[in-house]
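Visitor: Below are the structure tokens for one structure; questions will follow.
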Protein chains: 2
Amino acid sequence: MKQINAAGRSIETMIDGRSFVAYAGGKKYGRNSKVVNTITDALRSCGLKHGMTISFHHQLRNGDYVINKTLESIKDLGVKDIRLAQTALFNVHEPLIDYIKDGIVTRIEGSVNGPVGDYISKNNPLKAPVILRSHGGRWSAVKRGELHPDIAVIAASSADIRGNATGMLGESAFGNIAYSQVDAFHADKVIIVTDTIVDYPCRYREIYEGLVDYVVEIDRIGDPEKIVSGSLKITDDPEKLDIGKQCVDLMDAAGIIKNGMIFQAGAGGISLAALKYLGERLEEKDLVAGCSTGGLTEFIVDMYNKGRLKQINTCQCFDTIAVDFVRNHLEATSTIGEYSDPTMKGRNTDLLDTVILGATEVDTHFNVNVNTHSDGRLLHGIGGHQDVSAASNLTIITVPVYRKKNPIVLEDVTTISTPGDVIDAIVTNEGIAINPKRKDIINKVKGTIDILDINDLKNIAYDATGGLKKPTLGKDIIGMTKYFDGTVLDTIYQVLD
Amino acid sequence: MKQINAAGRSIETMIDGRSFVAYAGGKKYGRNSKVVNTITDALRSCGLKHGMTISFHHQLRNGDYVINKTLESIKDLGVKDIRLAQTALFNVHEPLIDYIKDGIVTRIEGSVNGPVGDYISKNNPLKAPVILRSHGGRWSAVKRGELHPDIAVIAASSADIRGNATGMLGESAFGNIAYSQVDAFHADKVIIVTDTIVDYPCRYREIYEGLVDYVVEIDRIGDPEKIVSGSLKITDDPEKLDIGKQCVDLMDAAGIIKNGMIFQAGAGGISLAALKYLGERLEEKDLVAGCSTGGLTEFIVDMYNKGRLKQINTCQCFDTIAVDFVRNHLEATSTIGEYSDPTMKGRNTDLLDTVILGATEVDTHFNVNVNTHSDGRLLHGIGGHQDVSAASNLTIITVPVYRKKNPIVLEDVTTISTPGDVIDAIVTNEGIAINPKRKDIINKVKGTIDILDINDLKNIAYDATGGLKKPTLGKDIIGMTKYFDGTVLDTIYQVLD
């Protein structure tokens, strides 16, 4: 069938059973600024309503002002019953407790850390259990629609008037934005909150204008002193240093320390110690590692600068040296999706040779708890723990066998954060246990490394502490840990007394 | 309801009407290499079948070996009735004609340039009309599922064994891959074809491993001499130089030449001349432009190095200097999606102050033809023409009023590639016409610039050439131009004789 379109041309609207629509006229794209005056204005323009889900990233860490300010705006607008979908919380977010008490926040899907986790553990104040996911698990939950943000509020240290936004420029720089791309893609509305509007186009664009509805400039998005550390310190505790050294000995015995090795180690004391020893070992053997993944610190930048590490690939900067590094090495940045989306055909972590991770508890089934303390309180998130544990060939958990009067190696962890199915070795101040499933590793290190039975470590812990003290838990479920595939790993109960 | 999961924990499968699935066990991610020996092996592993759609990018330009080699493999596999979804073709793809004759390729959605377009124009050999889209229109068609590649074959100048791939490293480097992300996301299967396997992880990852099924290493993906120009030359034709100068005079009169101005100009002779004059004008007035978008050449890099241009944002490198530039300025790269996806909340081109574009014909309605020649043959693609025309505040088309015996400014273009609705000025060797809709521009430049009526330009063209010679066209439709919103702009008919 022929039709005359808006350009005056005769076109066929059906060819071989396929239908076509006639051109109806064209006009120029809009060139408007997306800047609005306040977070309140932006939320109002986004059509904020009772019951909505609002997401945030945690990359401003303990310096973040954006979550608290947004909650204040939600309160000002008289809106209640919000589901919070932050990637994590810090001590600075303690005011959230009042918004929970006021019924403004009634559900949370995201890590609840520190005081907020403590409050929820003791008071069970929410309508539904907190859902805890790994970084990769959260990314895929948003992608699959299991966790749909109505509005994504994305903190940026610089942005332009059209919404191109970065975490790498400006006084509140925190490193490449890596958690929010999936929110920006899937949320119905996207608000960039920044304290620095730069000339268009913003030089770096971790979030690009095509995804953004509104840009808000506020006085400060956070306290730079608390966003990134000026510098982190390696532990000087001899026991922790020794655990770090054992990790490197284990890697070495397992044949992992070689040219091109790919590793990850976090920013905790033991991990930094392990990094130091790994750097020394590479130096001694005149080897060059291929890549490091995960959070970036000056210790890894230092290995790179010394020529002991060919490449860095990071989602998060922990100190100012790391921020400087990514600003000048954009190729060293990844999103969480690239890093750990479980639904893809691969991740930038799949070839990890080894990763060193901490824990609050581990058990004789090699299950790891990173969420709750021995007293049952929910105080930490899962982070990338599950993601890299499943990716790394040698996943090492470092813990002391006990802390104060609490066994840390025990029969059953209080909460399973990462299942023993993907954990390979437990390195402690009392020695090393290897998951019996990993016969290949056991065979390789036998003779070089003393391997203990995990039950022996548990027994040492129980003997030294007088045995397990079970936390006093109620029957109400206050949270749950999900595996990155969306299934439920464990249930977290209210803490009584 | 309670259930014991694979970690031995009792979990609730229903809470507040929301259902949860129990953890069923975890295992390590695969660490396998994705490398297969040949394109044939990769296609076979992808389950290539009759009737499938196979996509390619054109960034190896006239040096490309990948499309021809893939067609050879398809033939070897005995598969027919393929729909080709390349972004563009070049003279090097002339062998495609034989695959069309053999019934191996029966439909094409993508630019058909040069000899293939000529063949199709004259012979109407396909089952359905060729569908031509702009860069942004194609991106959104793939995203919306209107054009679904079953298999995306993506040429990369370097890649690692897991599929992280770039166009910026290796002997066949062609610049950042910018067209293929949408194919990689939406195709059922993705094959990277490279001639250089690098250590994992590939330093640049325009396509990342999560999107890739197979990696094929072949001897050479293309002829470096023809992939990018060693260097492009500014025209020395005084008429073309004059058109370039008029463009800059027009911009100046329109108040566009100012600090922070955002512009785009292509790699054609007139565009390069205009760039030269623009650089000189900025110098004279001591101004600094904000950003250039679009294809990158040494002329733009030169403006940047001279401090007359703050930023570059490019999707495609035209010469080796441009490739070197993006390799060291990753922030200067965008995907076509960021550049021109019409379905988003903005594009990196929306704030363009001005763009200079060429044409095969323009008409008195300001419609532009970039696809067909005066004789009706389909020889070019739409490229980004529509996309930036709709984005730029002052869209300038540069043409001579006639070429040889053919009027170039005429009453009705042979094919509408970009509608007059979004075209602002026609700059010719005989003077400038401005779209009467743009009263704002006319008012600004009046008194400084002589404005001609577009009909006067047409009359000059008709007088000089003896008037319009209508091409001899048949009734069979061999192609159609779509606007970036998916509607049909125009129909292209078979050329007789």
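The values are calculated or read from the model by the stated rules, or taken from the named source; none is laboratory data. Quick caveat, the model's predicted, so the values are computed rather than measured. Reconstructed Cβ throughout: ideal geometry from the backbone, glycine too, with neighbour counts over all protein chains shown. Surface accessibility is based on the protein's heavy atoms, side chains included, excluding ligands, DNA and RNA. Shrake-Rupley method; radii C 1.70, N 1.55, O 1.52, S 1.80 Å.
Visitor: How high is the relative contact order of chain B, in percent, counting Cα pairs under 8 Å that sit 6 or more residues apart?
Guide: Over chain B, the number comes to 14 percent.
Visitor: Could you give the radius of gyration (one decimal) and Dmax (whole number) of the Cα atoms in region A:23-145, in Å?
Guide: When restricted to the Cα atoms of region A:23-145, Rg and Dmax are 16.8, 62 Å.
Visitor: Given the C-alpha centroids of region B:222-252 and region B:4-25, what is the distance between them in whole angstrom?
Guide: The two parts, judged by their Cα centres, are 66 Å apart.
Visitor: Using only alpha carbon pairs under 8 Å that are at least six residues apart, calculate the relative contact order of region A:129-259 and give it in whole percent.
Guide: Contact order relative to length: 24 percent.
Visitor: Now a separate question. Residues of A:481-492, mean number of Cβ from any other protein chain within 10 Å of their own Cβ, rounded to a whole number?
Guide: The per-residue average across the peptide is 6.
Visitor: Please compute the per residue accessible area over the protein assembly as shown with all protein chains in place, 1.4 Å probe, rounded to a whole number of Å².
Guide: 34 Å²
Visitor: Further question on the same structure: Over the Cα atoms of region A:386-497, how large are the radius of gyration and the largest Cα-Cα distance (Dmax), in Å?
Guide: 15.7, 49
Visitor: Separate question: Under the definition of Cα pairs under 8 Å and six or more residues apart, what whole-number percent is the relative contact order of region A:238-475?
Guide: Taking the mean separation of contacting Cα pairs over the length of region A:238-475, I get 18 percent.
Visitor: Residues of A:304-312, mean number of Cβ from any other protein chain within 10 Å of their own Cβ, rounded to a whole number?
Guide: If you average over the peptide's residues, the count of other-chain Cβ atoms is 1.
Visitor: Assign unit charges at the C-beta atoms only (+1 for Lys and Arg, -1 for Asp and Glu), then state the dipole size of region B:230-333 relative to its Cα centre in Debye, rounded to the nearest 20.
Guide: 280 debye
Visitor: Next question. Quick one: of the DSSP bridges fully inside region B:238-475, what percent are antiparallel, nearest 5?
Guide: DSSP beta bridges in region B:238-475 are roughly 30 percent antiparallel.
Visitor: Over all directions, average the projected area of the Cα convex hull of region A:334-448 and note it in nm².
Guide: About 7.9 nm², averaged over all directions.
Visitor: Ok, one more. If you take the beta carbon distance between B:F185 and B:D286 as r and set R0 to 51 Å, what does 1/(1 + (r/R0)^6) give as a FRET efficiency, to the nearest 0.05?
Guide: Taking R0 as 51 Å, the efficiency between B:F185 and B:D286 is 0.70.
Visitor: Also: Would you mind classifying the protein assembly as shown by shape? Square roots of the alpha carbon gyration tensor eigenvalues, ordered a ≥ b ≥ c; an a/c under 1.5 is rounded, otherwise it is prolate if a/b is larger than b/c and oblate if not.
Guide: prolate
Visitor: What's the local net charge at A:I97, with K and R +1, D and E -1, over the other residues with C-beta under 12 Å away?
Guide: Residues close to A:I97 contribute a combined charge of -2.
Visitor: How would A:H57, A:H365, B:H148, B:H135 rank on accessible area, largest to smallest, probe 1.4 Å?
Guide: The ordering from most to least exposed comes out as A:H365, B:H148, B:H135, A:H57.
Visitor: Something else now. Could you list, in their original order, any pairs among B:K285/B:K310; B:K143/B:K345; A:K258/A:K345 whose Cα atoms are separated by more than 18 Å?
Guide: Listed pairs above 18 Å: A:K258/A:K345.
Visitor: Rank by packing, highest mean first: peptides A:249-255, B:451-457, with packing defined as the count of other Cβ atoms within 10 Å averaged across residues.
Guide: A:249-255, B:451-457
Visitor: When each pair of different Cα atoms in region A:238-475 is counted once in the 1/r mean, what is the Kirkwood radius in angstroms, to one decimal?
Guide: About 18.1 Å for region A:238-475.
Visitor: Any idea of B:R205's accessible area? Nearest 10 Å², probe 1.4 Å.
Guide: Accessible area of B:R205: about 40 Å².
Visitor: Let me test this: with uniform point scatterers at the alpha carbons of chain B, what is the Debye-based log₁₀ I(q)/I(0) at q = 0.07, 0.08, 0.09, 0.13 1/Å?
Guide: -0.41, -0.52, -0.65, -1.22
Visitor: List the accessible area buried at the contact between A and B, summed over both sides and calculated with a 1.4 Å probe, in Å² to the nearest 100.
Guide: That pair of chains buries around 7500 Å² in total.
Visitor: Going through the cross-link list A:K27/B:K470; B:K233/B:K470; B:K69/B:K122; A:K405/A:K475; A:K2/B:K80, which pairs have a Cα-Cα distance over 28 Å in this structure?
Guide: A:K27/B:K470; B:K233/B:K470; A:K2/B:K80
Visitor: Here is a further query. Can you give the average number of partner chain beta-carbon atoms within 10 Å of each beta-carbon in peptide B:27-34, as a whole number?
Guide: If you average over the peptide's residues, the count of other-chain Cβ atoms is 6.
Visitor: If packing is taken as the average count of other Cβ atoms within 10 Å, what order do A:15-24, B:136-145 fall into, highest mean first?
Guide: Working: A:15-24: 14.3, B:136-145: 22.5.
Taking the mean over residues of other Cβ atoms within 10 Å, the ranking is B:136-145, A:15-24.
Visitor: Which percentage, to the nearest 5, of the DSSP beta bridges contained in chain B is antiparallel?
Guide: 35 percent
Visitor: Here is a further query. Using the crude model of +1 on Lys and Arg Cβ and -1 on Asp and Glu Cβ, and no other charge, please compute the dipole size for chain A relative to its Cα centre, in debye to 20.
Guide: For chain A, the charge dipole is close to 1420 debye.
Visitor: With heavy atoms of protein chains only and a 1.4 Å probe, what residues of region B:186-234 have at least 40 Å² less accessible area in the full set of chains than alone?
Guide: Those residues are B:Y200, B:P201, B:R203, B:R205, B:Y208, B:G210.
Visitor: Using per-residue counts of other Cβ atoms within 10 Å, averaged over each peptide, order A:408-421, A:90-103 from highest down.
Guide: Result, highest mean Cβ count within 10 Å first: A:408-421, A:90-103.
Visitor: With +1 on the Cβ of every Lys and Arg and -1 on the Cβ of every Asp and Glu, and nothing else charged, how large is the dipole of region B:238-475 about its Cα centre, in debye rounded to the nearest 20? If you can, show how the numbers build up before the last one.
Guide: On the way: 25 positive and 31 negative charges, 58 e Å.
With Lys and Arg at +1 and Asp and Glu at -1, about 280 debye.
Visitor: Could you calculate the FRET efficiency of A:K470 with B:S10 from 1/(1 + (r/R0)^6), where r is the beta carbon distance between them and R0 is 25 Å, rounded to 0.05? Walk me through the intermediate numbers first.
Guide: Values: r = 16 Å, r/R0 = 0.63.
Plugging the Cβ-Cβ distance into 1/(1 + (r/R0)^6) gives 0.95.
Visitor: Mind jotting down the distance between the C-alpha centroids of region B:372-406 and region B:170-197, whole Å?
Guide: 29 Å
Visitor: Moving on to the next point. Carbon and sulfur together cover what percent of the accessible area of region A:238-475 at a 1.4 Å probe radius?
Guide: 49 percent
Visitor: To the nearest 500 deg cm²/dmol, what mean residue ellipticity at 222 nm is calculated for the protein assembly as shown from DSSP H runs of n ≥ 4 alone, each contributing -39,500 (n - 2.57), summed and divided by the residues?
Guide: -7500 deg cm²/dmol
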